[in-house]
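One structure is given here, and the rest of the page talks about it.
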Amino acid sequence: MSQKEMSGWFDADSRFGRTLEVWVGVVVVLSLVPLIAFTLVEEGSSAAAWIGRLDTVFWAVFTAEYAARLTSARHRLRYVGSFYGVVDLLAVVAGLASVTALASVKVLRVLRVLRVLKLARYSSAVDRFSAAFNDIKDELALYTGITAVISFIAAYGIWQFEHEANDAYGNLFECVYWSVASLTMGAEGIAPATAAGKILAMVLVLLGLGIVAVPSGLLASALSKTDPRN
């Protein structure tokens with residue numbers, strides 16, 4: 001079968017393509033069943049083994065789907081780097097948790113739940129978000145870099161001020177966690193003990209308000225531009 005013929009398989013404008021996409025969505029929803037069921041049985045039991053086999057079947061289906069989409073794509077590299085391409089690939093990579101030798105890798109097991117993101121393909125709102133992110137990706141990259149720099153400076157500063165007086169700041173990793181949490185949700189239970197540390201924490205919280213607000217404003221502005229009513 002030629003690539004041109006295969007490209008029609010996932011064409012949303014064709015009847016066959018729409019039907020196939022609907023069935024893919026159904027499979028995605030059904031694939032969440034073994035993930036839920038696995039939390040209800042004892043690990044290592046016969047029920048868990050059967051659930052694992054069922055999950056392997058879904059992994060094979062997603063692998064075949066990814067291979068078909070990649071083969072039929074007119075621009076393969078563009079598909080691989082796209083949002084949907086990454087989501088489809090993650091569904092395949094996460095399935096490696098079904099391999100016995102890799103079953104204990106918890107990161108792979110957690111990634112399996114990302115299958116639900118495949119349903120985003122059927123939402124026009126997701127397309128708007130994708131277009132909005134593309135419009136502001138340079139600004140977001142800049143603010144991400146600024147946030148990383150501020151977090152590292154704050155982490156090193158709080159370590160200098162607090163590590164002798166507070167065991168919660170015993171190493172730089174703990175300090176980085178504190179700085180990131182302070183920029184966003186607040187680092188509960190890890191309060192600075194020194195005056196310099198408290199001042200640094202207040203400055204960091206104030207900076208965090210701007211760091212969170214500015215990207216939110218950029219995204220809201222970009223979304224308004226992609227609104228078809230405009």
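Points worth noting:
- Residue within segment 32-54 that is of a type in the set (Ser, Thr, Tyr), at pLDDT 85 or above and either touching a His at 6+ places or on another chain (Cβ under 9 Å) or surrounded by 10 or more Cβ atoms within 10 Å (Cβ to Cβ) (or both) present: no
- If you go through segment 142-193 and keep only what is buried (at least 16 other Cβ atoms within 10 Å of the Cβ) and outside any helix (DSSP H, G or I), you end up with His163, Asn166, Ala187, Ile190, Pro192.
- Among residues of segment 153-173 that are β-branched (Val, Ile, Thr), those with a beta-carbon under 7 Å from a residue that is surrounded by 15 or more Cβ atoms within 10 Å (Cβ to Cβ) and not in a helix (DSSP H, G or I) at least six positions away or on a different chain give the pairs Ile158/Pro192.
- Close pairs from segment 37-56: first on the phi < 0 side of the Ramachandran plot and in contact (Cβ under 8 Å) with a residue 24 or more places away in the chain, partner part of a helix (DSSP H, G or I) and surrounded by 11 or more Cβ atoms within 10 Å (Cβ to Cβ), Cβ under 6 Å, at least 6 apart: Asp55/Pro34; Asp55/Ser98; Thr56/Ser98
The values are calculated or read from the model by the stated rules, or taken from the named source; none is laboratory data. Note that the structure is a prediction, hence the values are computed from the model and not measured. Virtual Cβ from ideal backbone geometry, glycine too; neighbours counted across all protein chains shown.
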